[in-house]
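Visitor: Got a structure for you, questions after.
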Amino acid sequence: SNLLPDTEPATDETYTLDNSSFSATIVRQSPITQFVNTTSIIFRITFSEDVANVDVTDFTTTLGTVNLVTQNTASEYDVTIIGISGDGLIDLDFSGVQNIEDLTTNPFLGTIGVEETYTSDQTDPTVVLSSAEPDPTGAPSFILDVVFSEPVTGLLDGDFIVVNGLVSGLTGTGD
């Protein structure tokens, strides 16, 4: 039977108890725009505290394959998705078997504060050309209606190839 001393020890010890959960944000990293026409993208995951055990098996996605997890800091990771094909939402989520934990071994409960997604659009727009002029026409100029199946940007006069003429006065309605 050891007796406790009557005096206070020379050095006090302090302990911090951490049993709280932590959260994560998922944002677009590369590219940062929502709409993409590419086969690979990168999401950035930022945890609210330093974590461990983060790897490709901790994530799932709706399009493509989680290929690489790069640790930037103990709380920030980049997740690369490759093999994206087709159109639709690209959403990165935590898998049901993820084993991420903070440095005191508290498990990640899957709380996501902010979550951004990508939208893949890999289908080329179609176009319908029409005019009120008869075909063939002898008119010195005429209006040609160009209707795309989806919104397009950057359309210029030089994007049209015209035989025996030229394009001028290109306007758009945005519809």
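The values are calculated or read from the model by the stated rules, or taken from the named source; none is laboratory data. Worth saying up front: this structure is predicted, and the values here are computed from it rather than measured. Because the Cβ atoms are built from the backbone with ideal geometry, glycine has one as well, and the counts that use them run over all protein chains shown. All accessible areas refer to the heavy atoms of the entire protein, side chains included, with ligands and DNA or RNA removed. Shrake-Rupley method; radii C 1.70, N 1.55, O 1.52, S 1.80 Å.
Visitor: Looking at (1) exposed (fewer than 13 other Cβ atoms within 10 Å of the Cβ); (2) among the small types (G, A, S); (3) within 22 Å of the chain's Cα centre (by Cα), can you tell me which one S20 breaks?
Guide: Failing condition for S20: (3).
Visitor: Separate question: Among the residues of segment 95-138, which ones are among the aliphatic types (A, V, I, L, M) and surrounded by 10 or more Cβ atoms within 10 Å (Cβ to Cβ)? Full working, then the answer.
Guide: From segment 95-138, those among the aliphatic types (A, V, I, L, M) are 97, 100, 103, 109, 112, 114, 127-129, 132; that's our starting set.
Correct list: I100, L103, L109, I112, V114, V127.
Visitor: Those residues that are under 18 Å from V36 (Cβ atoms), of a type in the set (D, E, K, R) and assigned to a loop (DSSP other than H, G, I, E, B), I need them from segment 89-137; list them, please.
Guide: D91, E116, D121, D124
Visitor: Continuing with the same structure: Take I84 and decide whether it is within 30 Å of V152 (Cβ to Cβ), part of a loop (DSSP other than H, G, I, E, B), within 14 Å of the chain's Cα centre (by Cα) and at pLDDT 95 or above.
Guide: Working: within 30 Å of V152 (Cβ to Cβ): yes; part of a loop (DSSP other than H, G, I, E, B): yes; within 14 Å of the chain's Cα centre (by Cα): yes; at pLDDT 95 or above: yes.
Yes, satisfied.
Visitor: What pairs can you find where one residue is in segment 156-174 and open to solvent by 100 Å² or more (accessible area, probe 1.4 Å), the other is at pLDDT 85 or above, and their Cβ atoms are less than 8 Å apart, with a gap of 6+ or different chains?
Guide: If the second residue must be at pLDDT 85 or above, the pairs left are L166/D157.
Visitor: So, one more: Could you list, in sequence order, all residues of segment 57-91 that are without any contact (Cβ under 8 Å) to a residue 24 or more places away in the chain and open to solvent by less than 60 Å² (accessible area, probe 1.4 Å)?
Guide: V69, T70
Visitor: Another one. Count, please, the residues in segment 20-52 that happen to be free of Cβ contacts under 8 Å to residues at least 60 places away in the same chain, of a type outside the set (S, T, Y) and in a loop (DSSP other than H, G, I, E, B).
Guide: 4
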